[in-house]
Amino acid sequence: MRKLSLWGQQLSLILGGIMAGVFLGELGLHLGGIKGLKKPREPVSFDTYRLDDPAGAWSLNPGASFEWLGEGERSLIQANKDGLRDREHTKEKPPKTFRIAVVGDSFAEALQVPMENTFWWKMRKQLNKKCSALGDRKVEVINFGVQGYGTAQELMTLRQKVWKYSPDLVILAFFSGNDIINNSKKLEFYKRRPFFLYKNGELVPDMSWLKMSPEEHDYLKFSSVDYLPTWFVNNSRILRLVRKVDLDHKKRLLDATEKERFPKNFQEPIEPVWKEAWQVTEGLITLINQEVKVKKADFMVLIVSTGYQVHPDPIARQSYMKQFGIKDLYYPNHRIKSLGDRLNITTLDTVPRLREYAEKNKTCVQGFPNALPCEGHWNSQGYEQVGQLIAENLCDKFKAEP
């Protein structure tokens, strides 16, 4: 009994010491003004995005409306009844209408600018206003772009959403800055998305994301302490500090990973994982082309520029290439163009037009005052130029029609 009592005393001392340490820690953090990071009541905003989209894992909620405060211009973002960042469209194509479907990532969704400044809005207006070769037809453009999507999700979007609208032309916006990484389960940081893998020489979908939780999807905003009750976390300075340290570490890890990987998008792949990523990417574009042909529609790959490819200062481009050992800053563009030539796919590279415009006007066509200069997404000038480029290309094709 005496031995048991001694153990009890020791346990009490240990627990008392822990409680005293926690109390002093909480008091010290409070007096020091160190607040840490609170746990939100909802880890993900379900009013804006849904996380169970069968095509891409996430997409705008039908009818979602919110103010965009991130990179770019401050504007009101609205989704239509089908969850597209676009005006309303009927499933049935109106008579005498040439319907274009745009699939892509954040360059197509274009949250950074008002809808009236996007390339797909601009090209529709220019075609309908200036292209007499259309005759009595009108052009309608439907935007299926969603930020963060890779080519795999765009193929799923084509299968599950686009064909319901019976488009005459499908435009795939391909961004070499991250689409190759997005298409690789080994390279992509966010695993909660559909992937395609080669099995027995064929690309097959990997839908294991369906078994992952929203917390795993929002990896950068979810900490291990978030499994604890919200009230408990938010009323503890220690847990809030642990949460902040954990999330800051994840952010630094992602930034370091992206900084290391981004230049490899412009280099001929040497590592097996990058060779495989390119193989899957080209295979996905090939699949999209095949499915578009089956539907008797036309197909175009729009090659989206990266910031340094269209930087207005040639010296800045050369410095960037030298810094990362890049021999050809346009390697991915040439590779996609070669794929298009082999498969008889129309490819339209935005780089020459944007680079010429940027150099001539000594201005950035990508980037915004509230973000990195000359990097990031197209600004209104960039979208204007891309809209004109596509409209001119399509109008020439209409003129060539028999």
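The values are calculated or read from the model by the stated rules, or taken from the named source; none is laboratory data. Owing to the predicted nature of the structure, the values given are computational and were not obtained by experimental measurement. No Cβ is skipped: glycine too gets one built from the backbone with ideal geometry, and neighbour counts run over all protein chains shown. With ligands, DNA and RNA removed, areas are computed over all heavy atoms of the protein, side chains included. Shrake-Rupley method; radii C 1.70, N 1.55, O 1.52, S 1.80 Å.
Which pairs break 18 Å Cα to Cα here: 138/293; 191/211; 337/362; 125/362; 129/164? Beyond 18 Å: 138/293; 337/362; 125/362; 129/164.
With a simple spin-label model that places each label point 7 Å from the Cα along the Cα-to-Cβ direction, the separation between residue 76 and residue 189 comes to 3.3 nm.
If R₀ is 45 angstrom, what is the calculated FRET efficiency for the pair residue 249 and residue 204, using the beta carbon separation as r and rounding to 0.05? Could the numbers behind the result be given before it?
Numbers: r = 35 Å, r/R0 = 0.78.
Once the sixth-power term is evaluated, E becomes 0.80.
Report the FRET efficiency, 1/(1 + (r/R0)^6), for residue 257 and residue 372, where r is their Cβ-Cβ distance and R0 is 22 Å, rounded to 0.05. My answer for the efficiency is 0.75. Full extension of the chain between residue 344 and residue 279 yields a length gain of 21.6 nm, computed as 0.36 nm times the residue separation minus the alpha carbon distance. When the Cα gyration tensor is reduced to axis lengths a ≥ b ≥ c, the ratio a/c is 1.5 or higher for region 260-402, and with a/b not above b/c it is classed as oblate.
In a shell of Cβ-Cβ distance under 13 Å around residue 98, excluding residue 98 itself, what net charge do Lys and Arg (+1) and Asp and Glu (-1) give? Don't skip to the answer; put the middle values down first.
Values: positive: 93, 96, 99, 124, 137, 138, 397; negative: 136, 140, 168, 298, 401.
In short, +2.
Which of 294, 312, 358 sits farthest toward the positive end of the charge dipole of region 274-383, with +1 on the Cβ of Lys and Arg and -1 on the Cβ of Asp and Glu? Among 294, 312, 358, the one farthest towards the positive end of the dipole of region 274-383 is 294.
Inter-label distance, residue 128 to residue 398: 1.1 nm, where each label sits 7 Å from its Cα along the C-beta direction. Rounded to the nearest 10 square angstrom, residue 364 shows an accessible area of 40 square angstrom against a 1.4 Å probe. Among 150, 113, 89, flag the residue with its Cα farthest along the positive direction of the charge dipole of region 73-181, charges on Cβ as +1 for Lys/Arg and -1 for Asp/Glu. Working it through, the farthest residue towards the positive pole turns out to be 89.
To put it simply, the accessible area of region 279-402 at a 1.4 Å probe is 52 percent carbon and sulfur.
Can you tell me the FRET efficiency between residue 51 and residue 93 if r is taken as the Cβ-Cβ distance and R0 is 25 Å, rounded to the nearest 0.05? It comes out at approximately 0.20.
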